[in-house]
Amino acid sequence: MKILGAIEAGGTKFVCGIGTESGEILDKVSFPTTTPNETLAQVEEYFRNKTIAALGIGSFGPIDPRPGSPTYGYVTSTPKPHWGGFNLLGELRKHFDVPIGFDTDVNGAVLGEAKFGAARGLDNCLYITVGTGIGAGALVNGQLIHGLSHPEMGHIIVRRHPQDQYEGHCPYHKDCLEGLAAGPAIEARWGVKGSELGTDHLAWAIEADYLAQALVNYILILAPQKIIMGGGVMKQQQLFPLVRSRLLEWLNGYVQHEAVLNAAEDYIVPPGLGDNAGLCGALALAAQA
Ligand code: ADP
Ligand code: ZN
């Protein structure tokens, strides 16, 4: 049995683990993301006495995910102090003499869900995380998308909800999807954390409206067979039925496919891998490295 190494490199915390080619996590640790030097030292320490056949990294971004590019494996323009322009993959290569798969956290997560989780066996699916930021990864005909760089589906433009006066917090666009619907936007709009708002608060109808608009666009452009919604904000389970019904209203009967029309429990779903979606994604990146 091959043991694979996995790193979920997040802006807040790093999770490192080992697991199998079938997506089983055997061990994991997590520590806060500080400076690159300090954080990478902890990564190396964790893997020091472990024999792995390959390593996968699902990273926060933006990153350069294009093999062959001069900055392949770099964290590029992140506002996170110390990390902009850091050669993450290059640093890891100094310590790991095994094949290494490197991609965005959400590309990893969609691959993991397609290999081991809620979208098992599907070639076209989408994973969206709604947390500190919003990002999505798509598997299209079995491939992750790398064009100029990687998709940035969190920054799409949405129509403002009529009852929403919040200006939005995206440093680039103010009221793009992320600026209006990520966790910090909910907190700034209502003055308390999302986790402290009642489940029937207006906040969730507004949130579901923005997320449904995003899904409409993703569905019309990519025609995914399944959409997986994760991240801290999606811990609010009541969002799932709200998003499904708002999605149908926005589509207004246009997409005549049964899976969408029923907007059923099995079209828009939480991660099958639960809180391990990120780490299993990194494992999936290792498996295909
Ligand atoms: P990250 O995006 O940093 O990887 P998370 O996916 O946990 O981490 O997202 C963190 C964001 O999600 C924060 O803005 C937090 O307020 C929000 N959040 C976390 N848990 C909940 C919850 N139960 N209900 C609503 N919002 C939550
Ligand atoms: Zn934006």
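Values in this text are rule-based calculations from the coordinates and carry no lab data. As the structure is a prediction and not an experimental result, all values here were calculated from the model. Quick reminder, even Gly has a Cβ in these numbers, built from the backbone with ideal geometry, and neighbours come from all protein chains shown.
Points to keep in mind about this one:
- Reducing the stretch 172-221 and the stretch 1-76 to their Cα centroids gives an inter-centroid distance of 30 Å.
- Its convex hull of Cα atoms gives the stretch 205-282 a direction-averaged projected area, equal to a quarter of the hull surface, of 5.1 nm².
- Helix axis angle, 36-47 relative to the chain longest principal axis, alpha carbon, degrees: 70
- Only Lys, Arg, Asp and Glu carry charge here, each on its Cβ (+1 for the first two, -1 for the last two); on that basis the chain has a dipole of about 300 debye about its Cα centre.
- Under 5 Å, built H, 5+ apart or other chain: amide partners of T104: S59
- Label separation (Q238 vs Y172): 3.3 nm, computed from points 7 Å beyond Cα along the C-beta direction.
- Label sites at E38 and A223, each approximated as a point 7 angstrom past Cα along Cα to Cβ, lie 5.0 nm apart.
- Each label point was placed 7 Å from the Cα along the Cα-to-Cβ direction; for K13 and A188 their separation is 2.5 nm.
- Out of every Cα-Cα pair that the stretch 118-270 contains, those further apart than 18 angstrom amount to 55 percent.
- Of the trypsin sites (Lys or Arg not before Pro) found in the stretch 135-229, those that fall in a DSSP loop while having at most 13 other beta-carbon atoms within 10 Å are R159, K193.
- Taking the three principal axes of the alpha carbon atoms in the chain, the coordinate ranges are 54, 39, 35 Å, sorted in descending order.
- The sum of -39500 (n - 2.57) across all DSSP H runs of n ≥ 4, divided by the residue count of the chain, sets its helix-only mean residue ellipticity at 222 nm to -9500 deg cm²/dmol.
- Largest-first ellipsoid semi-axes for the stretch 87-167, taking √(5λ) over the Cα gyration tensor eigenvalues, angstrom: 29, 18, 11
- Fully extended contour minus Cα-Cα distance, from L122 to F31, at 0.36 nm per residue: 29.5 nm
- When both bridge partners sit in the chain, DSSP labels roughly 60% of those beta bridges antiparallel.
- Its Cα gyration tensor gives the stretch 1-85 an equivalent ellipsoid, and the semi-axes of that ellipsoid, as √(5λ) in whole Å with the largest first, are 23, 16, 11.
- The residue among Q238, F96, G17 whose Cα reaches farthest toward the positive pole of the charge dipole of the chain, with charges on the beta-carbon of Lys, Arg, Asp and Glu, is F96.
- Structural descriptor for the stretch 118-270: relative contact order 25 percent, calculated from alpha carbon pairs under 8 angstrom and at least 6 residues apart.
- Using alpha-carbon coordinates, inclination of helix 239-251 to the longest axis of the chain, degrees: 60
- Build a GNM of the chain with springs between Cα atoms under 10 Å apart, and of Q238, Q213, Q165 the one that fluctuates most is Q165.
- Cα-centred dipole magnitude for the stretch 118-270, charges only on beta-carbon of K, R (+1) and D, E (-1), debye, nearest 20: 120
- Chymotrypsin sites (Phe, Trp or Tyr not before Pro) within the stretch 196-289: DSSP coil, no more than 14 neighbouring Cβ in 10 Å: Y254
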